[in-house]
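For reference, the structure discussed in these notes is given below.
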């Protein structure tokens, strides 16, 4: 099964982090990615640009509105993700526990026969 590990955090903390703290976090993510590759679990992922670069589309009955920014204001922002392969949710959770992030949402990917 494929799972998305969705990373949430306070992007203001990241914006204000000193270069050494940023370098350490990137090193920790590199270690995590190496672990995924060793297990054959890595399927993809990436860091997202800050929420001020987001564009949100909302479908109405007759039109689609396009606005700058994220869908909703929250204390934590969606900052990146890993796409992994794991036999079940329990194993995906064990993998996610090793991810260097304060908040991680583990969500199964719904297989699509058309894709």
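The values are calculated or read from the model by the stated rules, or taken from the named source; none is laboratory data. These figures come from a predicted structure and were not determined experimentally. Every residue, glycine as well, gets a Cβ built from its backbone with ideal geometry; the counts of neighbours run over all protein chains shown.
Worth pointing out:
- Any chance residue 78 is within 17 Å of the chain's Cα centre (by Cα), under 25 Å from residue 13 (Cα atoms), part of a strand (DSSP E or B) and at pLDDT below 90: yes
- Within segment 1-20, considering residues that are surrounded by 12 or more Cβ atoms within 10 Å (Cβ to Cβ) and more than 30 Å from residue 88 (Cβ to Cβ), the one farthest from the chain's Cα centre (by Cα): 17
- On inspection, residue 9 fails the criterion of being in contact with a strand residue (DSSP E or B) (Cβ under 8 Å, 6 or more places away or on another chain) and over 18 Å from residue 99 (Cβ atoms).
- Whichever residue in segment 99-115 is surrounded by 10 or more Cβ atoms within 10 Å (Cβ to Cβ) and in a loop (DSSP other than H, G, I, E, B) and, among such residues, is modelled with the lowest pLDDT: 102
- Of all the numbered requirements in (1) touching a helix residue (DSSP H, G or I) at 6+ places or on another chain (Cβ under 8 Å); (2) at pLDDT below 90; (3) surrounded by 13 or more Cβ atoms within 10 Å (Cβ to Cβ), residue 54 misses one, and that requirement is (1).
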